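First the structure, in the form of structure tokens, and then the observations on it.
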């Protein structure tokens, strides 16, 4: 009987899938395992949530804003995950939420970079950045 051995890219893709599940469940313990202490995060645009974050505390504060400012309605529903052997994974998802009478429904992808089995950086890219900025403004 052959034992299947997961490649690094498959492991990283699995970690990203776990991360989306944990994010949507506000499972900080799992996110804490998945993210490197020195993680950096980039959110594009001109809205109050745009910018660069460095370190787990700053990144998790950003994630908390998504949930907090939408009364828990914010979701990132994973559509697909693609990984390579260079430590990068792309997660494509749909963001939805409600905030101050506004509804969000935008596709997004995040490019994750891994180091030692943990996310060391994430960069968000939005199909409709104007809609994202409008929602958070």
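The numbers here are math on the coordinates, done by the rules we state, and not lab data. No experiment lies behind these values; they were computed from the predicted model shown. Cβ atoms come from the backbone with ideal geometry, glycine included; neighbour counts cover every protein chain shown.
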Q. Roughly what angle does helix 56-68 make with the longest principal axis of the chain, taking Cα atoms, 0 to 90 degrees, to the nearest 10?
A. 50
Q) Summing -39500 (n - 2.57) over the DSSP H runs of n ≥ 4 in the chain and dividing by its residue number, what mean residue ellipticity at 222 nm do you reach, to the nearest 500 deg cm²/dmol? A) -10000 deg cm²/dmol
Q: Return the Rg/Rh value of the chain, two decimal places, where both radii are evaluated on C-alpha atoms and Rh is the Kirkwood radius.
A: 0.98
Q: With an 8 Å cut-off on Cα pairs and a minimum separation of 6 or more residues, tell me the relative contact order of the stretch 75-123 in percent.
A: 29
Q: Neighbouring Cβ atoms within 10 Å as the yardstick, rank 96, 21 fewest first.
A: 21, 96
Q: With a ≥ b ≥ c taken as the square roots of the eigenvalues of the C-alpha gyration tensor of the stretch 56-137, please select rounded if a/c is under 1.5 and otherwise prolate if a/b is larger than b/c or oblate if it is not?
A: prolate
